[in-house]
Each structure stands twice: as structure tokens, then as C-alpha cells.
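The values are calculated or read from the model by the stated rules, or taken from the named source; none is laboratory data. Quantities reported herein were computed from a predicted structural model and do not represent experimental measurements. Cβ placement follows ideal geometry from the backbone for every residue including glycine, while neighbour counts extend to all protein chains displayed. All accessible areas refer to the heavy atoms of the entire protein, side chains included, with ligands and DNA or RNA removed. Shrake-Rupley method; radii C 1.70, N 1.55, O 1.52, S 1.80 Å.
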Amino acid sequence: MILIFLIFGSATLALFLFYSFKVGSVVNAITIFTGLKVAIEFIFEPIGFALHLFAYDTWAMLIVNALSFCGYAAFVIGLLATRQPPNPPRHFGLPNHLPLAWLLLVAAWFAYAPILIEFRAYVFEPRRIYELTRTGYGLYTFGSSLLTFCAYIVFQISNRRGALLFYVVMVTLILLKGSKGQFVILASIFIISCVYLHGLKYSLSRSSIYFAIIGALGLYVFALNFRGDIDNIFVSISEYSDYNRNGSLVVDSDTFGSYGGKLTMEMQWVPKVPRAIWPNKPKAFGEFRLAAQYFPQWFLLDQGSPSFGIGIYFADFGWWAFLIFPAVQYICGLLLGICLGKLIIRPNVFYFVVSVYLSGNNLLASGAGNYLIEHVIIGGALLIILTFMRSAPSQPFPLRQTIFRA
């Protein structure tokens, strides 16, 4: 098992460093995505194996890790297939979009207010609020999250006056939600703004400082939301790496290839229908069918369910997953490369939003499923709004003498 972790972990890092060398910055659009992948699959998982916390099937884990790496490699190849234009540091005046950024952030507070009022007894235990609102509160939680992320994106393409106050108000709201994953999305938005909007480059030595800061903040957020016994902290950490381990259960069972695409199809539309509109919406659909099948007691608790990652491809397509999953990832990498190139040449909020999603961040914060079309709509809507709300002409910047637009 350790050899499997070492081989695929080293190959993943080598591929990431090669891509970083090509774009000239270790901090780039896939840094957080790759960092999480390496941490979860090649640090947390080996911890669980070394401490004998979980049962592992070596053959099944080899198959899962092989498909995972093939998908990552195809994604990077897709990125490299698009020629990224030169991206020198830019010095240009940013338009004043702060009114919209603040409006969206205040709306995010109002959207989440009903939950804070109903669960006010747990206001100092945000993780408990997160667990109690897993079902039936989607319009409040997901709506507030979407407004928050949109506010931050609009803030990043504005002159960012009053940044400290904006960050305090935004971070406080996210802390009250008890969701650690939302900080990852904020960090991705920040990186895309720095690297592709402002043309900043980060060498390996310079990046290590930022990685240390992000690591420290990550530990702080984890500690803030950790409610278990300190003696079981390694168990809690290794549980974050469950998706490959759970996916391996599919490889070595009768579920392998038995669904014929049903799970993937369900994940394309069922998660997008609010329970308020569909009161009898099933809880076991798509990937959650696997959770109900392999972990029925955990699933019935309705406090989050185990993830199966690419196990859904094995359950749907069997060995064809080695063709289908890399093809999907290649297309995603290709689209991300195109959007990042457009963001460099002619920055606007549309390419920003779509780039954030394609780099592994769902602004809808609604779990598994494909939400590319939804992010295209979100980006287009923000672009239209900013076009109408533009209060002053923007300043030209050097590259091709174009205008910095919404």
C-alpha cells in the first residue's frame, strides 16, 4: 500500500511542478486543487493505513488510484493544450464595483439569518448548525454561500477600498456556517485574482511562505470546528480521505458496472431541484445510493454521508471508467485553459466565475454534480449587472490597450 501512495503521489507532484514551470508560477489555478488531492490521497490516507484505522484492499486501491491519476493527468494535459498568453504584472485603475459587492454580502447575511435565528442556541457551535441543516435548509445555506462568493468575486475586480471591514464581515458569516470547505473556495478566488488578473508570479521559495500561512489557517479552522476527543484527532483527519477508500469498495463488489450510467445521470439534475419545490425528493440518489448501500446506518443519520469519489464511475461504467473519466477531465482542463487565457487578455467577471468553477470550486456549495451551465449563467448575470451599474469608465491597461471591463 505504501508503495502505491508513493508512486502516485510522486507522479502527481511531478506533473503539477511541470505545469507550474510552464506557467511560471507555483501558485496557480490548480494549486489548491492539487494540494488538497495530495493531502487527502497521499498524506491523510497513509496515516489511516499506518495506524490500521481502516481495512484496505490493495488491488482495489491500486485501481482507484490509477484512475484518479489518469484523470488528473488528462486535466493537466487539457490545460497545457491551450496556449496561455503572456501575463506581466499589471498596473491599472480598477472600476468601482464595491456597491454591488457590499449589496451581495449583505444579502448573504439576510439569506442565512433565518437559520441563525432558529438555531441561535448553537451560534457558538457552528459545526452543530451545519449538521442540523443538512436537509430542508438548502435555499438558505446554498443561497447565502452563492451570494457570499459572488460578493467576493465582485470585490476582487473592484478597487477594494475598505478591504479589512469587508473581510471581517465575510469571514464572520462563513465561520457561523461551520463549513471549512468555503474557505477553500475563497482562497481559490483570491489566487485567480492575484495570478491571472494582476499578473503576479510566485516562485517555489516565495510560495512556501504562503503555504505555511494557509496551513496555519487551515489548522485553526479545523480546530475551531473539531468537536471530537483529542485522542481521536488522527482518526478525524484520516476520515477526510474516505472517498478513494470507499470507492475501492465498489471495485471489489457486484456493484462494479451495475448501474449503467444511472448514478451519473441522477447527479446531473436531482441535486439541482430544491426540496422546497420537491418535498418528496429522495435522499438516496446518484452517489448517495452507494452511501445508503455500503453505510446504511451512517446515511440514515442525515448528518452528511460518506463520499465515493470516482467510485461512481466504476459503479456506472466498470472498466470503461478508464476511458470516460479521463475524457471528461481533459475537456474540463481544456475549458479552464481557455477561460484563464481570456481572463488574462480581456478580464471580466464571466471568465472569472467559470474559471473558479473549472479549477475545482462550486460556488453553489451544493456537493456533487455538474454545475458548469449554472456557473455560466451566474457569470453572465453578474456581467450584465456590472455593465449596467458601471459608474465610471475604467482605465486602460498595457496589454493590447484594451479596457478593463466588468
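Which residue, of Ala14, Ala60, is at pLDDT 95 or above and over 19 Å from the mean Cα position of the chain (by Cα)?
Ala14
Output the qualifying pairs, or none if there are none: Cβ atoms under 6 angstrom, residues six or more apart or on different chains, first residue in the range 20-47 and in contact (Cβ under 8 Å) with a residue 12 or more places away in the chain, second residue surrounded by fewer than 19 Cβ atoms within 10 Å (Cβ to Cβ) and small (Gly, Ala, Ser).
Val26/Ser207; Val27/Ser207; Ile32/Ala187
In the range 7-18, what residues are without any contact (Cβ under 8 Å) to a residue 12 or more places away in the chain and either farther than 21 Å from Ser359 by Cβ or not hydrophobic (A, V, I, L, M, F, W, C) (or both)?
Across the range 7-18, the qualifying residues are Ile7, Ser10.
Determine whether Lys281 is within 21 Å of Leu323 (Cβ to Cβ) and out of contact with any helix residue (DSSP H, G or I) (no Cβ under 6 Å at 6 or more places or on another chain).
Considered against the rule, which asks whether it is within 21 Å of Leu323 (Cβ to Cβ) and out of contact with any helix residue (DSSP H, G or I) (no Cβ under 6 Å at 6 or more places or on another chain), Lys281 comes out as no.
Any residue in the range 98-126 that's of a type in the set (Asp, Glu): show its pairings with residues that are open to solvent by 70 Å² or more (accessible area, probe 1.4 Å) at Cβ separation under 6 Å, as long as the two are six or more apart or on different chains.
As it stands, the answer is none, since no pair meets every condition given.
Condition check ((1) more than 14 Å from Thr31 (Cα to Cα); (2) over 20 Å from the mean Cα position of the chain (by Cα); (3) modelled with pLDDT of 75 or more) across all residues:
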{"residue": "Leu146", "(1), (2), (3)": "yes, no, yes"}
{"residue": "Phe155", "(1), (2), (3)": "yes, no, yes"}
{"residue": "Leu165", "(1), (2), (3)": "yes, yes, yes"}
{"residue": "Val171", "(1), (2), (3)": "yes, no, yes"}
{"residue": "Val184", "(1), (2), (3)": "no, no, yes"}
{"residue": "Ile191", "(1), (2), (3)": "no, no, yes"}
{"residue": "Val195", "(1), (2), (3)": "no, no, yes"}
{"residue": "Gly199", "(1), (2), (3)": "yes, yes, yes"}
{"residue": "Val221", "(1), (2), (3)": "yes, no, no"}
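Pairs only if they're at least six apart or on different chains, beta carbon under 7 angstrom, first in the range 135-153 and on the phi > 0 side of the Ramachandran plot, second outside any helix (DSSP H, G or I) and open to solvent by 20 Å² or more (accessible area, probe 1.4 Å); list them, first residue then second.
What qualifies is Gly136/Arg275.
Return yes when Phe295 is within 19 Å of the chain's Cα centre (by Cα), at pLDDT below 90 and assigned by the TED database to the domain that holds Phe256 and no when it is not.
no
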